[in-house]
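Okay, structure first, notes after.
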Amino acid sequence: KIIAKNARINQADFVCVMKDEIEKKSVLNKIEKKLGYPCFIKPANAGSSVGITKAHNRQELESGLKLASEHDRKILVEEFIDGHEVECAVLGSVEKADASTVGEIFSAAEFYDYDAKYNNAESKTVIPAQLDESVIEEIRKTALKVFKAVDGSGLARVDFFVEKGTNRVIFNELNTLPGFTSISMYPKLWESAGKPIEELIDELISLACCGK
């Protein structure tokens with residue numbers, strides 16, 4: 001997120017909190033002043049939405065920080081964005097990277113948590129996203145910009161929000177090792193582009209071994 005900020009990539013505002021700071025009133029006050037409610041609390045280094053909560057008040061903020069601290073020593077608290085939740089797959093190297101089309105998530109829960117991802121059949125993904133082509137193209141270009149900014153290699157899934165009412169594209173997070181389950185967006189995005197998972201895996205192995 002610091003790299004994205006320096007690269008002038010539009011992103012959700014955030015506060016970084018270390019594990020030993022979660023009970024400090026000054027930290028809680030800073031979060032409330034900068035982000036307000038609702039806000040999201042995330043372990044910085046985790047996946048599948050494990051340890052993530054949405055806080056609507058200070059009590060939920062405190063419990064969310066405590067839960068996140070059980071998974072990581074570094075915690076991100078992010079502003080709430082009312083928008084479409086979309087994802088873009090990137091494949092390649094900094095010298096030559098490709099971005100897929102964009103997929104959209106429709107969560108069966110208040111947000112796309114672990115249970116909504118893996119246990120709730122009412123959650124669904126739509127490829128391509130139900131957005132204007134110009135917005136999809138902006139997301140693709142920004143995904144490549146994020147990938148190159150962090151000197152990416154191999155694969156990444158770059159997640160965004162598209163703000164309702166404005167269509168403003170807002171960078172959410174970079175997933176450095178996206179899932180490859182039967183419902184995972186990364187392989188499904190490439191499959192929609194005509195690259196079946198067997199071919200995708202062969203290309204990833206080639207990138208890992210040869211860098212091309």
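Pairs linking a residue in the range 181-192 that is over 10 Å from residue 100 (Cβ atoms) to a residue that is at pLDDT below 90 and surrounded by 15 or more Cβ atoms within 10 Å (Cβ to Cβ), with Cβ atoms under 7 Å and 6 or more positions apart or on different chains, are 184/178. Among the residues making up the range 141-161, those that are part of a helix (DSSP H, G or I) and of a type outside the set (A, V, I, L, M) are 141, 142, 145, 147, 148.
Filtering the range 40-55 to residues that are open to solvent by 40 Å² or more (accessible area, probe 1.4 Å), in contact with a Phe, Trp or Tyr (Cβ under 9 Å, 6 or more places away or on another chain) and of a type in the set (S, T, N, Q) leaves only 48. When every residue of the range 119-133 is checked against the conditions, none turns out to be part of a helix (DSSP H, G or I), modelled with pLDDT under 90 and crowded, with 18+ Cβ neighbours inside 10 Å.
If you filter the range 155-190 down to residues that are buried (at least 16 other Cβ atoms within 10 Å of the Cβ) and among the acidic types (Asp, Glu), you find that the one that is nearest to residue 143 (Cα to Cα) is 159.
Condition check for residue 28 on (1) under 14 Å from the mean Cα position of the chain (by Cα); (2) outside any loop (DSSP other than H, G, I, E, B); (3) farther than 19 Å from residue 82 by Cα: one failure, at (1).
One residue is enough: does the range 74-82 have a residue meeting the conditions more than 14 Å from the chain's Cα centre (by Cα), within 22 Å of residue 160 (Cβ to Cβ) and surrounded by 17 or more Cβ atoms within 10 Å (Cβ to Cβ)? Within the range 74-82, one or more residues are more than 14 Å from the chain's Cα centre (by Cα), within 22 Å of residue 160 (Cβ to Cβ) and surrounded by 17 or more Cβ atoms within 10 Å (Cβ to Cβ).
The values are calculated or read from the model by the stated rules, or taken from the named source; none is laboratory data. Owing to the predicted nature of the structure, the values given are computational and were not obtained by experimental measurement. With ideal geometry, Cβ positions are generated from the backbone for all residues, glycine too; neighbour counts draw on all protein chains shown. We work out accessible area using only protein heavy atoms, side chains counted, and drop any ligands, DNA or RNA first. Shrake-Rupley method; radii C 1.70, N 1.55, O 1.52, S 1.80 Å.
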